1. Can you tell me how many residues within the range 34-51 are surrounded by fewer than 16 Cβ atoms within 10 Å (Cβ to Cβ), outside any loop (DSSP other than H, G, I, E, B) and at pLDDT 85 or above?
2. Across the range 38-49, what is the total count of residues that are within 19 Å of residue 87 (Cβ to Cβ) and touching a Gly at 6+ places or on another chain (Cβ under 7 Å)?
3. In the set 30, 24, which member is in a loop (DSSP other than H, G, I, E, B), without any contact (Cβ under 8 Å) to a residue 24 or more places away in the chain and in contact with a strand residue (DSSP E or B) (Cβ under 7 Å, 6 or more places away or on another chain)?
4. Cβ-Cβ distance below 6 Å, separation of 6 or more or different chains: which pairs start in the range 65-93 with a residue that is surrounded by 14 or more Cβ atoms within 10 Å (Cβ to Cβ) and end on one that is among the hydroxyl-bearing types (Ser, Thr, Tyr) and outside any strand (DSSP E or B)?
5. Go through the range 58-77 and give me each residue that's of a type in the set (A, V, I, L, M, F, W, C) and assigned to a strand (DSSP E or B).
6. Just for the range 22-51: of the residues that are of a type in the set (S, T, N, Q) and under 14 Å from the mean Cα position of the chain (by Cα), which one is nearest to residue 66 (Cα to Cα)?
Amino acid sequence: MTLDGGSFFGKRTRVFGIFAALSRDGGKSRPVKKLLTNGADRKENGGAWTGTFELDENHAESRGRLAAAQAPDGVVHLISSGLYCRFNPAWLES
């Protein structure tokens, strides 16, 4: 996938892995997309399905089974094959 922004603000950056998308029109379009990583360089193990993968500003978990729900306070909770993350729409738009 190629996203606008990233470490090269204003330019298109190729990224890999799972991302979140925000729609304001009932899912017809998703103008806001962000890779699900905090940008820190590290390796993670997502479990048997996902295995070991690299995380950095351009890489997130590359595969897995996902489930997500938004809590009443607006925080989105997402669990993959073996990892858990949470974020809010403000982070997604930042």
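1. Count: 2.
2. Summing the residues that are within 19 Å of residue 87 (Cβ to Cβ) and touching a Gly at 6+ places or on another chain (Cβ under 7 Å) in the range 38-49 gives 1.
3. Selected residue: 30, the only one of 30, 24 that is in a loop (DSSP other than H, G, I, E, B), without any contact (Cβ under 8 Å) to a residue 24 or more places away in the chain and in contact with a strand residue (DSSP E or B) (Cβ under 7 Å, 6 or more places away or on another chain).
4. 81/50
5. In the first step, residues of the range 58-77 are kept if they are of a type in the set (A, V, I, L, M, F, W, C); the result is 60, 66-69, 71, 75-76.
Hits for the range 58-77 are 67, 68, 69, 76.
6. Among those residues, the one meeting the criterion is 37.
The values are calculated or read from the model by the stated rules, or taken from the named source; none is laboratory data. Small disclaimer: the values here were computed from a predicted structure and weren't measured. Reconstructed Cβ throughout: ideal geometry from the backbone, glycine too, with neighbour counts over all protein chains shown.
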